[in-house]
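The values are calculated or read from the model by the stated rules, or taken from the named source; none is laboratory data. These figures come from a predicted structure and were not determined experimentally. Because the Cβ atoms are built from the backbone with ideal geometry, glycine has one as well, and the counts that use them run over all protein chains shown. Side chains are part of the model used for accessible areas, which takes the heavy atoms of the whole protein and leaves out ligands, DNA and RNA. Shrake-Rupley method; radii C 1.70, N 1.55, O 1.52, S 1.80 Å.
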Amino acid sequence: MIGIFDSGLGGLTAVKEIRRLLPYEDLVYFGDTGRVPYGTRSKETIIKYAAQDVRFLAEFSPKAVLVACGTVSSTAMEEIRDLFDFPLIGVVEGAAEAAAKQTVNGKIGVIGTSATIKSGAYTKKLKEISSQFVITERACPLFVPLVENGFVGVDDSITRLACEHYLADLRAAGCDTLILGCTHYPLIAKTIAKTLPDVKLISSGAESARKLQEKLSTLGKLADNSNSSCSSNCYGKISYYVSDDIESFSQSASLYLGADMDGKVHRVDIEKY
């Protein structure tokens with residue numbers, strides 16, 4: 001089993017890619033919808049929340065946990081990795097590597113929550129790859145609430161205005177590649193793309209799924225159905241858990257994943273962990 005967690009809906013961007021890359025893996029997803037967003041919290045609070053999220057997923061005996069949250073990945077990975085004996089994979093490394101490969105002019109933009117941008121994690125990783133990169137970072141604190149409240153349509157004027165406001169600096173800097181440093185942001189990627197045409201968008205969620213695949217392959221822990229009694233269409237199971245309202249999460253997840261979520265989402269009291 002692979003565990004995945006995020007502060008809310010955003011981690012579903014990783015789930016979608018994991019399901020494509022690793023179709024035979026069982027997945028357990030936790031969205032901390034009762035405490036979203038994480039990006040405005042102190043580091044101490046982020047560490048506390050992340051540790052509780054992983055403790056919950058640990059009950060399912062995962063072979064790895066994907067930290068599908070840009071805020072946690074950029075501010076708290078060291079601290080929470082020390083608490084558990086299974087691999088934890090964040091979203092920073094894969095996205096930075098993908099952006100480094102994609103950029104032509106060496107000007108890379110990074111958008112994320114306030115905590116992510118304050119951490120400088122993406123810039124640090126990119127500079128490790130090449131000191132010649134010119135990095136422009138921008139915190140976009142309204143993006144997560146907009147996504148969580150369903151303003152994800154390409155014609156939603158409030159999201160379009162937020163994009164124009166936040167992304168002007170990146171346009172002025174001449175960035176040809178943009179890291180969506182929060183897994184919520186791919187859910188408004190079409191609006192971002194309209195604001196920054198001809199800029200390559202890097203999904204941190206999708207890239208982290210590829211890093212997860214690499215890690216499990218290295219460990220020899222990839223699942224397959226070669227010894228299964230089921231047909232070639234027998235895929236792994238997915239369970240979804242949230243810390244707040246099931247209905248609103250189910251509706252949004254159904255739209256994004258293109259699947260009926262009725263009865264598949266469960267509520268958990270995360271404070272117990």
Task: Residue identified as touching a helix residue (DSSP H, G or I) at 6+ places or on another chain (Cβ under 7 Å) and either modelled with pLDDT of 95 or more or assigned to a loop (DSSP other than H, G, I, E, B) (or both) among 111, 117 - done: 111
Open item on the list: Between 189, 168, 193, which is farther than 23 Å from residue 115 by Cα, part of a helix (DSSP H, G or I) and either acidic (Asp, Glu) or open to solvent by 20 Å² or more (accessible area, probe 1.4 Å) (or both)?
Closed with: 193
Open item on the list: Can you tell me which condition residue 253 does not meet? The list is (1) open to solvent by less than 40 Å² (accessible area, probe 1.4 Å); (2) modelled with pLDDT of 95 or more; (3) closer than 22 Å to residue 23 by Cα; (4) part of a helix (DSSP H, G or I), and all the others hold.
Closed with: (2)
Open item on the list: Checking residue 75 against (1) β-branched (Val, Ile, Thr); (2) over 26 Å from residue 202 (Cα atoms); (3) crowded, with 21+ Cβ neighbours inside 10 Å, only one condition comes out false. Which one?
Closed with: (2)
Task: Residue that is most open to solvent (accessible area, probe 1.4 Å), among those in region 3-24 that are farther than 11 Å from residue 66 by Cβ and in a loop (DSSP other than H, G, I, E, B) - done: 24
Open item on the list: Can you list residue pairs whose Cβ atoms sit under 7 Å apart, with the first residue in region 141-155 being modelled with pLDDT of 90 or more and the second being assigned to a loop (DSSP other than H, G, I, E, B) and open to solvent by 50 Å² or more (accessible area, probe 1.4 Å)? Count only pairs 6 or more apart in sequence or on different chains.
Closed with: 141/40
Task: Those residues of region 29-51 which are open to solvent by less than 10 Å² (accessible area, probe 1.4 Å) and modelled with pLDDT of 95 or more, in sequence order - done: 29, 30, 31, 32, 38, 46, 50, 51
Task: region 98-108 - residue that is in a helix (DSSP H, G or I) and touching a Leu at 6+ places or on another chain (Cβ under 9 Å) and, of those, surrounded by the fewest Cβ atoms within 10 Å (Cβ to Cβ) - done: 100
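The rows are residues; the columns are (1) surrounded by 24 or more Cβ atoms within 10 Å (Cβ to Cβ); (2) farther than 22 Å from residue 192 by Cα; (3) not aromatic (Phe, Trp, Tyr).
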residue: 84; (1), (2), (3): no, yes, no
residue: 110; (1), (2), (3): yes, no, yes
residue: 123; (1), (2), (3): no, no, yes
residue: 127; (1), (2), (3): no, yes, yes
Open item on the list: If I filter region 177-186 down to residues being under 17 Å from residue 98 (Cα atoms) and either in contact with a Cys (Cβ under 9 Å, 6 or more places away or on another chain) or not in a strand (DSSP E or B) (or both), which single residue comes out as most open to solvent (accessible area, probe 1.4 Å)?
Closed with: 186
- [ ] Take residue 205 and decide whether it is under 26 Å from residue 101 (Cα atoms) and modelled with pLDDT under 95.
- [x] yes
Open item on the list: residue 215 - would you say it is over 24 Å from residue 110 (Cα atoms), part of a helix (DSSP H, G or I), touching a residue at least 40 places away in the same chain (Cβ under 8 Å) and open to solvent by 40 Å² or more (accessible area, probe 1.4 Å)?
Closed with: yes
Task: Single match in 158, 135, 129 (criterion: touching a strand residue (DSSP E or B) at 6+ places or on another chain (Cβ under 8 Å) and on the phi < 0 side of the Ramachandran plot) - done: 135
TODO: Could you grab me the full set of residues in region 28-78 that are over 18 Å from the mean Cα position of the chain (by Cα), in a helix (DSSP H, G or I) and of a type in the set (Asp, Glu)?
DONE: 44
Open item on the list: Of all residues being among the β-branched types (Val, Ile, Thr) and surrounded by 20 or more Cβ atoms within 10 Å (Cβ to Cβ) in region 136-151, which is farthest from residue 108 (Cα to Cα)? Just the residue, please.
Closed with: 147
